1. From the backbone phi of segment B:115-121, what are the Karplus-calculated ³J(HN,Hα) couplings (6.51 cos²θ - 1.76 cosθ + 1.60, θ = phi - 60°) in whole Hz, Gly and Pro given as x?
2. From the Cα trace of the protein assembly as shown, what convex hull volume per residue do you get, rounded to a whole Å³?
3. Apply the Karplus parameterisation 6.51 cos²θ - 1.76 cosθ + 1.60, with θ equal to phi minus 60°, to every residue of segment B:357-371 and state each ³J(HN,Hα) to the nearest whole Hz, in sequence, with x for glycine and proline.
4. So what are the three principal axis dimensions of segment B:301-412 from its Cα atoms, in whole Å, longest to shortest?
5. What ³J(HN,Hα) values, in whole Hz, does the Karplus curve 6.51 cos²θ - 1.76 cosθ + 1.60 give for segment B:3-12 when θ = phi - 60°, with x put for Gly and Pro?
6. Could you work out [θ]222 nm for chain B from helices alone, using -39500 (n - 2.57) per DSSP H run of at least four and dividing by all its residues? Round to the nearest 500 deg cm²/dmol.
7. For segment A:36-55 and segment B:144-219, write down the distance between their C-alpha centroids in whole Å.
8. So for chain B, averaging the separation of alpha carbon pairs under 8 Å that are six or more residues apart and normalising by length, what relative contact order in percent results?
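Rule-based calculations on the coordinates, nothing more; no lab input. Here the structure is a predicted model, which means the values were calculated and not measured. All Cβ positions, glycine included, derive from the backbone under ideal geometry; neighbour counts span all protein chains shown.
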Amino acid sequence: MMRRLALAILFACAIWFSGRDYVQLVRDSLSMLRQPYEARRERALGGDYIVMQRIVKEIPRDAAVTIVLKRPKDVDRGVFLSYCLYPRATHFNEPRTGVIVLVDGSDMQVISR
Amino acid sequence: MTGLLITLLWFPLLGAAFSRLAGRTSWFLAGAGVNALALFLAGVLHIPLKPVIAVLGLAAIAVLGTTTKSWSGARVPRASLSSLPLWITAFVLLIGAVITPLADYDGRAFWMLKAKAIAREQRIDGPFFQLQSTHSPRNQYPLLVPLDAATVMLFARDDDDRQARALFAMFAIALAFEVRRRFAEWFSPSTAVWLATLLLWLPQIENASGGARSGSADVPLAAFVGCAFFELIEARAPLRLGLWLACLVLTKNEGLPFALVFFIAGAFVFRRRILIAAVPFAAVIAALFTWRARIPPTDEQDFLGQLPGLPQHIGRTGEVLAEFLPRFGFLWIAVAIAIAILVGKRAWRPLVFGLVAILPMLTLYTLAYVVTDWAIAELVRVTATRLLAHFVAPALFLIAAATHSRYTEISQ
């Protein structure tokens with residue numbers, strides 16, 4: 001009896017904390033199921049991803065890219081951009097060779113080719 | 001869908017072969033471990049990865065074709081209506097992970113990028129790891145998870161991260177099923193099913209940021225911690241313990257101290273037979289340090305190097321505890337109660353096993369927060385849930401031992 005009570009309390013806590021996540025997962029899965037994967041990404045990752053994909057399409061796959069961060073706090077966006085640009089060679093800030101992409105908050109653009 | 005099929009076929013195939021040789025264990029986790037360990041050792045020796053994958057597959061088929069099951073007498077829980085909650089949760093988690101895109105920071109920035117590079121370059125010390133191509137944050141992070149993800153990408157002939165989505169979810173699901181198998185043997189089938197299901201409902205396991213739906217290596221580390229911990233309790237198969245220790249070392253930086261703790265505990269459990277576990281463990285440590293000597297570091301945090309500064313930072317302990325303790329959540333309240341019950345029952349053996357698996361590393365994590373040069377509140381906010389996930393199997397074991405009158409069976 002005590003064991004069942006203990007397990008019931010633990011499950012109630014787990015459902016309280018994770019139930020919303022699971023409901024959201026089921027909803028997202030059902031609504032995304034028929035969408036192309038890129039559309040799912042745009043929906044899940046939002047505006048930054050859409051901007052990054054636009055930049056990815058602008059840059060040839062064999063180009064070297066310098067990602068210039070306007071502010072140090074733009075580093076996370078820069079890292080994601082670098083991830084999206086793979087397999088293009090990327091480096092940050094210096095030396096400013098190849099294609100240069102400026103990351104200024106959510107505003108990202110190719111400033112030199 | 002291709003990645004899902006490969007994940008569900010390739011790793012269990014290798015794990016089934018390993019189980020034939022070393023005794024029954026989680027097919028998926030053993031397969032993921034064997035695959036990555038073989039590829040890492042081959043990579044350090046500059047052997048191309050594709051032929052190694054082919055040899056692994058042929059060897060697994062040969063083992064399965066020429067040997068017989070060695071665990072026919074062992075109790076293996078059968079699928080039944082009572083285990084429906086576990087199967088449904090596992091199904092929702094797996095299919096949900098496959099359908100929804102990867103969205104977490106660490107998964108993309110650190111782990112999946114390495115997997116893409118390995119799949120493309122077929123090497124673990126090629127231009128990417130020499131910093132001659134793409135920016136590689138945390139360049140010297142261990143490679144078990146990226147190697148497994150790269151294997152899926154190689155089979156799929158596609159280095160898109162969606163191919164590896166099922167792989168990450170399967171680490172959590174495989175751990176849950178291993179918890180069910182072990183707890184059914186040691187406690188009762190119903191306790192086993194419910195605690196295994198609970199594991200997949202824990203916020204630190206199910207979430208999309210560091211959990212089973214992320215591309216992070218914390219859930220794989222938790223899975224290997226669980227497997228190593230169960231081997232210590234069972235005290236039967238030092239070779240399997242050696243596999244899990246090697247996997248811990250290759251999964252995350254925290255895995256090495258974790259493995260050392262389990263190795264020392266294993267010396268008391270296995271006595272001289274611990275030497276069998278020492279062989280793969282030592283080989284992987286040597287390979288890891290050889291590989292790291294060949295590639296430049298980037299922005300890795302050197303927490304162990306900061307530990308000598310502990311006396312100067314000891315005054316921050318109160319701030320660390322104030323930030324860290326509220327992150328523990330309901331599972332750890334249950335663990336504290338379970339510990340009190342086990343003390344009351346004088347059930348020393350399960351208590352000692354559980355505490356050995358939890359306390360040393362929990363202390364190390366706390367000290368890492370104390371000596372860090374990051375803002376403590378920010379670092380704890382970002383990492384605490386993921387670090388606590390590492391202990392989920394020992395935590396559930398303590399709860400099971402405390403709530404079950406049959407705990408005495410494993411204290412013999």
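1. 4, 4, 5, 5, 4, 7, 8
2. Working: hull volume 81.2 nm³, N = 525.
Cα convex hull per residue, to the nearest whole number: 155 Å³.
3. Computed from phi, the couplings for segment B:357-371 are 6, 9, 5, x, 6, 5, 5, 4, 4, 5, 5, 4, 5, 5, 8 Hz.
4. 47, 26, 21
5. Karplus-based 3J(HN,Hα) across segment B:3-12 equals x, 4, 5, 4, 4, 7, 9, 5, 5, x Hz.
6. Numbers: 20 runs with 285 residues, N = 412.
Mean residue ellipticity at 222 nm (helix-derived): -22500 deg cm²/dmol.
7. The two parts, judged by their Cα centres, are 26 Å apart.
8. Values: 623 pairs, mean separation 76.0, N = 412.
Dividing the mean separation by the residue count of chain B yields 18 percent.
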